[in-house]
C-alpha cells in the first residue's frame, strides 16, 4: 500500500507541475485532447489487424483528405463505375426496361414472352456447363415437378401454422431428413432458412444469445479460420460479434489448431470449422476443433453449406470422407445448403443443432408488442411455403440412391480434374480437395492470366485472393461427357501459351482484381464492390419504355 500511495503522490505532483501557471481554458483543452487521444489510441490498438496494417489504413484514410488525392480516387472510381454500367448496357442492349406499371395489365402470353427474353440473357454461360458452381443441376424432370409443386404451394405461409399445418409438417420432415443424414439423434433439430448466409447467421445469433444467458457474455467473439465463409463476417456486423480470424497451414489449407486454441478467451461464444471451405475445398480438422469445444465448453459450428450434401453420401458412393458431423461430440451445429447439392431450387438451406436449447436461442420472441405475442424461428417472418414444398419434393424425388449416384459422378469428375491439373507444369493445387472444389495457383506466373485466358474460352471461374488463385466448383453440369476433359485441355493449352513468357503482367478486368489485392486502403476496394452492386439495379435511361 505504501508503494501504491507513493506512486499516486508522484503522479499527482507531476500533474500539478504540468498544469502549474496554466489558464483554466488551457487545462480544459489539454485534458480533453489527452482523453480523446487515449480513446483513439485504445481503439487503434484494440483491433484484429497488425499494427502495420492499421498504420497503413490510417495513413491512406488521412491522405484522402488532400484535395488532389481525393479527386484522383474519385476519378478512378467513376471510371470503374462507368465500366460496370457499360457492361450492363452491353448485355441488355437488345431489350427495353419497364419502369412504370402499365395502365392495363399485360396478357399472360406477353408476360411469358418477356420472361423468356430476360432469362435468355447470357443463358449459354451457365447452360454450357462452363461455369463454376452457381447452377448445381439442370434436370428437366425436376423442373417440371418443382414447377407444379410451387404453383400449388406458393401462397402458403408457415408463419400461420394454424392455417398451413401441412407446410410446417413438410419443413419438419426436411429438417429431420437432413439431421439423420448428418448422424443426429432424437434430440437433433433445426430449421429451414433461405440460404447458407442465413443459416450461418442463425447459428451465430443462437450462440451469442446462449452465451449471454448462460455465461453473461456482453462482448461476444467467435473464433474461425480465414477461409470461413464471408457469411460469418456479415453475421458479425449484423449481430455485433467480434471475429478472430485464424490463419491456415499454407500446405494443407486447414486452420491452424494451435493458433485457434490461443485465440480462445472468456468472450468466445463459438468455434467455427468448414467442411469444406469455399476457397480451396479443403476440410478443416473438425475432430480437433470438436475437442477444443469440449475442453473449453464452447459450441462448435461446422459450415457444410457448400459440400455437406455430398459428404453425407460419399461413403455410400465409394469415397469415404473424414468425419465432420454430429458423430463428433463437440459439434453442436451444422449448416448445409439444400439448394446446392440437394438440387432444390434456390432459396433453401438448413441449420441443424445437437440440442433444442441452442435452437431456442435462435428464435426471436416479442412478448410485449401491442399486436400480441410474436415469435419467428428465422430472420424472416412470413416465408413462402413454396420454397419449403419444392425442397421437400426434390429430396423425395431423388431419394437416397439418386443422391448417391449424383455424388459418385461429381466426386469422380472432381478427382479426374484434380489429377489432370496436377500433371500440368506451371500450376499447383491448393491443399487436398475433399469434395467438389479444386483451387489452382502458380509460382511461375500471375494466375489471374490463366483466369483471363479461360474466360476467353467461355469458362467462368471464381477468383481468390491472399494468395491469388482461381477455383472451379464441380456440379452435375460438369459430369456431362467431354466437359471435364475440355476443361483440362483448355487449362493445358492456356498454361503452355502463358509459360512462353510468364513475366507478362495481367491485363484488362483481371488486372483490377490484382490491383485490388495490393491496395492497403481496403475501403477503396469496398467502394468498387459497392459500385458493382449498384449496377445490379442500374436502369439505362435511354432503354426505358412506357406501356401507357
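Values in this text are rule-based calculations from the coordinates and carry no lab data. From a predicted model like this one, the values you see are computed outputs, not experimental measurements. Virtual Cβ from ideal backbone geometry, glycine too; neighbours counted across all protein chains shown.
Quick notes on this one:
- Label-point gap, in nm, between residue 162 and residue 86 - each point 7 angstrom along Cα→Cβ: 6.0
- Cβ-Cβ FRET estimate between residue 66 and residue 379, R0 fixed at 51 Å, reported to 0.05: 0.75
- Global form of region 432-478, assessed from the alpha-carbon gyration tensor, a/c cut-off 1.5: oblate
- For the chain, the antiparallel share of DSSP beta bridges with both residues in that region comes to about 55%.
- On Cα atoms only, tilt of 140-153 relative to the major axis of the chain in degrees: 70
- Extension gain, residue 412 back to residue 503 (0.36 nm per residue minus Cα-Cα distance, nm): 29.3 nm
- Ranked packing of 444-451, 203-210, most packed first, by mean Cβ within 10 Å: 203-210, 444-451
- Pairwise label distance in nanometres, residue 10 with residue 96, each label 7 Å out on the Cα-Cβ vector: 8.4
- Max-minus-min Cα coordinates of region 399-525 on each principal axis give 50, 36, 25 Å, with the largest extent listed first.
- Among 200, 17, the ranking by other beta carbons within 10 Å of each residue's beta carbon, starting with the fewest, stands as 17, 200.
- Exposure proxy order (Cβ contacts within 10 Å, fewest to most) of 532, 182, 84: 532, 84, 182
- Antiparallel bridge percentage (DSSP; both residues within region 156-397; nearest 5): 45
- Exposure proxy ranking, count of Cβ atoms within 10 Å, fewest first, for 242, 218: 218, 242
- Considering region 192-300, its Cα convex hull presents a mean projected area of 6.6 nm².
- FRET efficiency for the residue 419 to residue 538 pair, using the beta carbon distance and R₀ = 41 Å, is estimated at 0.45.
- Each peptide in 10-16, 290-296, 163-169, 351-357 gets a packing score, the mean of other Cβ atoms within 10 Å over its residues, and the list from highest to lowest is 351-357, 290-296, 163-169, 10-16.
- With the highest mean first, a sort of the peptides 258-265, 483-490 on other beta-carbon atoms found within 10 angstrom per residue produces 483-490, 258-265.
- Stretchable slack from residue 226 to residue 322, in nm (0.36 nm times residue separation minus alpha-carbon distance): 32.5 nm
- Helix axis angle, 67-91 relative to the chain longest principal axis, alpha carbon, degrees: 10
- At q = 0.18 Å⁻¹ the log10 of I(q)/I(0) for region 56-188 amounts to -1.19, computed by Debye summation with a single uniform scatterer per C-alpha, solvent ignored.
- Translational D in µm²/s for the chain (Stokes-Einstein at 4 °C, 1.567 mPa s, Kirkwood Rh from C-alpha pairs): 48
- Helix-only [θ]222 nm of the chain, DSSP H runs n ≥ 4, -39500 (n - 2.57) each, per residue, nearest 500: -16000 deg cm²/dmol
- At full extension, residue 76 and residue 152 could sit 22.3 nm farther apart than now, given 0.36 nm per residue minus the alpha carbon distance.
- Tensor-based shape of region 156-397 (alpha-carbon gyration tensor, a/c under 1.5 rounded, otherwise prolate or oblate): oblate
- For region 216-273, share of DSSP beta bridges that run antiparallel, in % to the nearest 5: 10
- Calculated diffusion of region 298-417, Stokes-Einstein form, Kirkwood radius summed over Cα pairs, 37 °C and 0.692 mPa s, µm²/s: 200
- Compared with the dominant principal axis of the Cα atoms in the chain, helix 509-518 is inclined by about 30°.
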